Amino acid sequence: MNLELHIIWILFVLGLAFVTGELFIPGGIVGVIGGALIIVAAGSALYQGSTLTGIFMIVSTLITIPAGIMIIMPRHAVKAELSSNEGFNQGHEYHRLIGASGLTISPLRPMGTAEIGGERYSAQAEHGMIDPEVKVTVTRVEGNTIFVREQKG
């Protein structure tokens, strides 16, 4: 192996490292630099007459990058759970809430969060705006929208 081929391999490995770094430092520039290094390395290998090395670099890149994404990304992906504690509920259970009382958690302008029956829901004020910590009653449900009205008295 001559010195130029060693430099080509160094560029290739650096390119893979930069592309892998993009998985941990999102933004695009690191991945673009890595991709450019890989292309330069593979192109240089092909230009230098080492066809087998160039093809190996291209094929290994096409295999390792998707495999790396599939292995690394699930570990680092946002694993937010949509739960009723955060105000996420499925609409099929909303009709049972009609007539129930609750308390607004956030201002309803006209949408906000209300706690009804011990669970948080996204709710819409029937008329105007409702401040936080105000007692409300569920008046109707349309699809996934719960309409509430401020309790008087």
message = Checking the structure you have, find out if any residue of the range 90-106 is polar (S, T, N, Q) and at pLDDT below 85.
response = yes
remark   = The residue from LEU52, LEU46 that alone is loosely packed, with under 12 Cβ neighbours inside 10 Å, under 23 Å from VAL13 (Cα atoms) and at pLDDT 80 or above is LEU52
key: the range 101-138, residues that are in contact with a Leu (Cβ under 9 Å, 6 or more places away or on another chain) and farther than 14 Å from ARG149 by Cβ   = GLU115, GLY117, TYR121, PRO132, GLU133
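The values are calculated or read from the model by the stated rules, or taken from the named source; none is laboratory data. Model, not experiment: these values are computed from the prediction. Glycine gets a Cβ as well: all are built from the backbone with ideal geometry, and neighbour counts include every protein chain shown.
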